[in-house]
Amino acid sequence: MAYTPMIQQYLSIKEQYRDAFLFFRLGDFYEMFFEDANRASKELEITLTSRDGGGEERIPMCGVPYHSADNYISQLIEKGYKIAICEQMEDPKQTKGMVHREVVQLITPGTVMEGKTLSEKENNFIAAISVFENDTYGLAVNDLTTGENRLTLFSGGWEEAVQEVSAVGAIEVIIPEDLSEERRYELQQQLELTLSEEKDTTVPEPFQPLAKKLDQKKMQMTFGRLLQYLLRTQKRSLDHLQPVEYFENNQYMKIDVHSKRNLELVETIRRNGKKGSLLWLLDRTMTAMGGRRLKQWIERPLLNRSEIEARLSVVEALKERFFEREELRDQLKGVYDLERLAGRVAFGNVNARDLVQLKKSLERVPEIIEAVRKLDNPKADQITENIDLCEQLVQNLEEGLVDDPPLSVKEGGLIRDGFNEKLGEYRDASKNGKEWIASLQQSEREATGIKSLKVGYNRVFGYYIEVTRANLSLLPEGRYERKQTLTNAERFITPELKEKEALILEAEEKMLELEYELFLNLREETKAYIPQLQRLARQISELDVLQSFAVISEERQYTKPEFSKGREIEIQDGRHPVVEKVLEEGTYVANHLSMDENREILLITGPNMAGKSTYMRQLALTAVMMQIGCFVPAAQARMPLFDQVFTRIGAADDLVGGQSTFMVEMLETRYALSKATQNSLILLDEIGRGTSTYDGIALAQAIIEFIHHDIHAKTLFSTHYHELTALGDELDRLQNVHVGAVEEDGDIVFLHKVVEGAADESYGIHVAKLADLPDDVIDRASVILKELENSVDVNDHAGEKARLSEKRQSVKEENGQLSFFVGGGRKSARKTRNKQEEEALKKLKSLDLLSITPLDAINKLYELQKSLSEKE
């Protein structure tokens, strides 16, 4: 098909950017063609047209104005798309043939530098992952807006890799070209991010200093993949990139993607928003940098006790010193986003207003240092140690820029008078010339007697003298030279006016050119300070987070936690920080929680809505808050360091992945059981409820026993299976507790108080009544319940326990290794499986859970269970 040269050019460039929308510049528009046009018209809700492209059929086309393209680009970025910006590299008026065009930048979700898609208090992370032998992985992370670079190496299988990508919060991941489709699918479906490819893993020579701390080839290759992608897509200076910070993932508490969501650390489950999350509660930061640092800390709590204690000491000092804290907050309020400013300086899209804000921010630093010194705290002094005040930069910006410059950097009015001698001359010439023209109008009116005579200017004809047609007879012969005829007036010029016009216009043109040149010089001077500004940003953001902790700790009456010598947990009057904030003041019921080496599992019973899940979550949130260095919501708290937190709370159907609630529940539980250590915290809520009662009880008991015998992690396990409370007599490190409720006049009253012992009723019908189910349904349920109680004493569970004893005994007699849950990750010294069991295990492991329906999965499990039962 013979397309026109322009369409052929488009197709040639599009071939290099097949996974992106190509914004193809044609005059004042970015145009899109073919399938790009069809998709863009739907996504952006713009008109789809067509044009003749030289072929047999018209080509679909749509476009957006280049001056408002940012809005359309933001819409596409929010939906996870990429946009290749293709510009005209020549002036069409001066080019006879085809205008040369090329892509000047590829904008992707992970490389956005400005616009509505960026949140000032959230990082915009892009990650690169490398896969090596022996299940070893490299993960490099970058925020292009701030220049931050981090890298880690780890092992543990692909599932661990997915969790690490989730932990860093990347929205785009760069993968090797040969990564399998199955693994690509897992990344996209589980984490909902954009995938990109990069095969080049070399670190270019100019960027070697950034990687000087990376002493292994695997580290270099992983960072190289990230760097090459950034260079290939951005096609501009990346001078603001910071040296790579290497970290071990065992330096931080691990919180898997499901637990992060269940605990609502940075966003809520219901609305996927910040409000109602732990981040929302704790964010009293005054700067954008502090807000981003807070989110990073919450997602990566520390395991270093001395660092945690240092943070707590600063929070304590700030909490006790109200006036110094308020002074610090007041100074921080005026500090600009130094990190992102540095990135924009390097990219070349910073304006004069940004630089004035930078100057004002730097002017506040001495006051910040003074406020910190008054705290007399070693950690606070260490944070502000060796702060660079950038005094020369402040002086240059003060002398060079006016206090309130215009937004545009090319229209003048940026540079302060007296900063440059030549600029002063141009300004004088322009000013004096305009004053002469103003006086010319008055003198000509007096000379001619024409009071309506005026001296004007336009860009086409320059300066002129205008006389209305009615007054032309009053003009002396030969006084003016005719220049333009209008309907009701004539315009004239004089040799002297021509001369002044040339002087004024030349002065103004050179003045604008010189001002822009002087601004670029100031920007380059600022560019030289990028490392100092980035270091200052880290110091200020850390102070900002710590003062935020102090403010919220004082307002909410949080207390300084203590570290237990062993693995004991002792919390007096503990509260769920977010729930307490949302409820009316004074209505939250605080609870104690005590665990030691003889009390490692709490089996929690009680009615729905009584507060079991809240009680469980508040322990995890208290641990997170302590390990980020914040005071905790309790009258007193003594806790160990937790290396990992695992939660399975609430229903979570994976409809996209084709997995039922029960399957998701089992997969999440398996992950916890295979990864947890004795130093972990496990929260499991209603495990086994998604299957039949007997199966559910058997699974729940087997899980509890496995944690008790093999893992020894501190565990909170809530259940409605009252049969399980008998485990309190069988497992020496398990204790029954329940959430209290009382019945008054047929109605249930929740006490929200956790007390020792097992609950004696579930109050299910009472809860249904609170939910306003129809009275007929409630009455009928009550009748059925009484009939069941007459046939089986449901309050005395001894009979039920006896019927389950055979199942429970068979669980104990098995080898005890929950292979479905631990995936072969733990080895046991118990009995070896016989051939039939091994065959069943082999079939189970071979199941492709991602490609079968929930019903097929249940049928397969039923067949396996049946084959094992027949063997018995």
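The values are calculated or read from the model by the stated rules, or taken from the named source; none is laboratory data. Here the structure is a predicted model, which means the values were calculated and not measured. Cβ coordinates were reconstructed from backbone atoms using ideal geometry, including for glycine residues, and neighbour counts include every protein chain displayed. Surface areas here come from the heavy atoms of the whole protein model, side chains and all, with no ligands, DNA or RNA. Shrake-Rupley method; radii C 1.70, N 1.55, O 1.52, S 1.80 Å.
If you take the Cα centroid of segment 253-310 and the Cα centroid of segment 463-510, the two points sit 70 Å apart.
Charging the Cβ of each Asp and Glu at -1 and of each Lys and Arg at +1, and nothing else, the dipole of segment 349-446 about its Cα centre rounds to 280 debye.
Rg to Rh ratio, segment 185-298, alpha-carbon atoms and Kirkwood radius?
A ratio of 1.03.
Which whole-number percent is the relative contact order of segment 132-171 (Cα, under 8 Å, 6+ apart)?
On the way: 37 pairs, mean separation 15.3, N = 40.
Worked out over segment 132-171, it gives 38 percent.
Label the chain by shape, choosing from rounded, prolate and oblate, from the square roots a ≥ b ≥ c of the eigenvalues of the Cα gyration tensor; if a/c is under 1.5 it is rounded, and otherwise prolate applies when a/b is larger than b/c, oblate when it is not. Prolate, since a/c reaches 1.5 and a/b exceeds b/c. Compute the distance from the alpha-carbon center of segment 410-439 to that of segment 673-736, in whole Å. Taking the Cα centre of segment 673-736 as reference, the centre of segment 410-439 is 81 Å away. Looking at segment 63-141, the GluC sites (Glu not before Pro) that sit in a DSSP loop and have at most 10 other Cβ atoms within 10 Å of their own Cβ are E133. Listed by chain and number, the aspartates and glutamates whose C-alpha is less than 13 Å from the C-alpha of K454, apart from same-chain residues fewer than 8 away, are E444, E446, E466, E490.
Just to confirm a number: summing +1 for Lys and Arg and -1 for Asp and Glu over residues other than N420 whose beta-carbon lies under 11 angstrom from that of N420, what do you get? With Lys, Arg at +1 and Asp, Glu at -1, the net is -3.
Trypsin sites (Lys or Arg not before Pro) within segment 317-372: which are DSSP loop residues with at most 14 other Cβ atoms inside 10 Å? Walk me through the numbers on the way to the answer.
Numbers: sites: K319, R321, R325, R329, K333, R340, R344, R353, K359, K360, R364; in loops: R321, K333.
Sparse-neighbourhood loop trypsin sites (Lys or Arg not before Pro): K333.
For segment 164-273, the share of accessible area belonging to carbon and sulfur comes to 44 percent (1.4 Å probe, ligands and nucleic acids excluded). Values of log10 I(q)/I(0) for segment 496-554 across q = 0.20 Å⁻¹ run -0.82, by the Debye formula with one identical scatterer at each alpha carbon and no solvent. Fully extending the segment from V777 to T468, taken as 0.36 nm per residue of separation minus the present Cα-Cα distance, adds 102.0 nm. When both segment 96-164 and segment 1-44 are represented by their alpha-carbon centers, they are found 25 Å apart.
In segment 512-623, the portion of solvent-accessible area held by carbon and sulfur atoms comes to 46 percent [1.4 Å probe, whole percent, DNA, RNA and ligands not counted].
Rolling a 1.4 Å probe across the protein heavy atoms gives segment 246-286 an accessible surface of 48 Å² per residue.
Of the beta bridges in the chain, as assigned by DSSP with both residues counted there, near 65 percent are antiparallel.
For the chain, what is the relative contact order in percent, using Cα pairs closer than 8 Å and at least 6 residues apart in sequence?
Working: 1440 pairs, mean separation 76.7, N = 872.
Relative contact order of the chain: 9 percent.
Take each peptide in 674-683, 599-608, count the other Cβ atoms within 10 Å of every residue, and average; sorted highest first, the result is 599-608, 674-683. Rolling a 1.4 angstrom probe over segment 16-124 with all protein chains present gives an accessible area of which 43% lies on carbon and sulfur atoms.
Among residues other than L393 with Cβ under 9 Å from its Cβ, the summed charge is -1 (Lys and Arg +1, Asp and Glu -1). What does a probe at F323 reach in segment 531-556, counting residues whose amide N is under 14 Å from the point 7 Å along Cα→Cβ? From segment 531-556, the list is empty.
Is the shape of segment 291-387 rounded, prolate or oblate, going by the alpha carbon gyration tensor and its root eigenvalues a ≥ b ≥ c, with a/c under 1.5 for rounded and a/b larger than b/c for prolate? Working shown, then result.
Working: a/c = 2.50, a/b = 1.47, b/c = 1.70.
Oblate, because a/c is 1.5 or more while a/b does not exceed b/c.
At a Förster radius of 35 Å, what calculated FRET efficiency corresponds to the Cβ-Cβ distance of L191 and D404, to the nearest 0.05? Don't jump to the answer; show the numbers that get you there.
On the way: r = 45 Å, r/R0 = 1.27.
So, using R0 = 35 Å, E works out to roughly 0.20.
If you look at the Cα atoms of segment 339-456, you get an Rg and a Dmax of 23.8, 83 Å. Summarising the label geometry, the points placed 7 Å from Cα in the beta-carbon direction at Y694 and K93 lie 8.8 nm from one another.
Pairs exceeding 32 Å between alpha-carbon atoms, taken from K116/K213; K374/K560; K116/K434; K121/K359; K213/K295; K42/K274: K116/K213; K116/K434.
Nearest 500 deg cm²/dmol is fine: what mean residue ellipticity at 222 nm does the chain get from its DSSP H runs of n ≥ 4 alone, each adding -39,500 (n - 2.57), divided by its residue count? Could the numbers behind the result be given before it?
Details: 29 runs with 385 residues, N = 872.
Roughly -14000 deg cm²/dmol at 222 nm, from the helical runs in the chain.
With the other protein chains left in place, how much accessible area per residue, in square angstrom, belongs to segment 76-121 at a 1.4 angstrom probe?
Values: 2420 Å² over 46 residues.
Per residue, segment 76-121 has 53 Å² of solvent-accessible surface.
Legend: residues M626, M61, sorted from most to least accessible area (1.4 Å probe; ligands, DNA and RNA excluded), read M61, M626. Working note: Cα gyration tensor of segment 1-41, eigenvalues times five, square-rooted, sorted largest first, giving semi-axes of 15, 13, 10 Å.
Of the trypsin sites (Lys or Arg not before Pro) found in segment 136-218, those that fall in a DSSP loop while having at most 13 other beta-carbon atoms within 10 Å are K199, K212, K213.
Could you calculate the contour length gain from L503 to E15, that is, 0.36 nm times the residue separation minus the distance between their Cα atoms, to one decimal place in nm?
Result for the pair: 170.5 nm of gain on full extension.
Sorted from greatest to least, the principal axis extents spanned by the alpha carbons of segment 36-192 come out as 59, 37, 31 Å. Take the Cβ-Cβ distance between R184 and T677 as r, set R0 to 30 Å, and report the resulting FRET efficiency rounded to the nearest 0.05. According to the calculation, E is roughly 0.45. If the chain linking A438 and D376 were pulled fully straight, counting 0.36 nm for each residue of separation and taking away their Cα-Cα distance, it would gain 15.9 nm. With an 8 Å cut-off on Cα pairs and a minimum separation of 6 or more residues, tell me the relative contact order of segment 468-515 in percent. In percent, rounded to a whole number, it is 26.
Note that segment 369-478 presents 60 Å² accessible area per residue, ligands and nucleic acids not counted, probe 1.4 Å.
Convex hull volume per residue, computed on the Cα atoms of segment 539-595, equals 108 Å³.
What's the FRET efficiency of R535 with A635 using the Cβ-Cβ distance as r and R₀ = 45 Å, to the nearest 0.05? Show your work: numbers first, answer last.
On the way: r = 40 Å, r/R0 = 0.88.
That gives a FRET efficiency of 0.70.
Sorting K260, K451, K374 by solvent-accessible area of protein heavy atoms yields K451, K374, K260, largest first, with a 1.4 Å probe.
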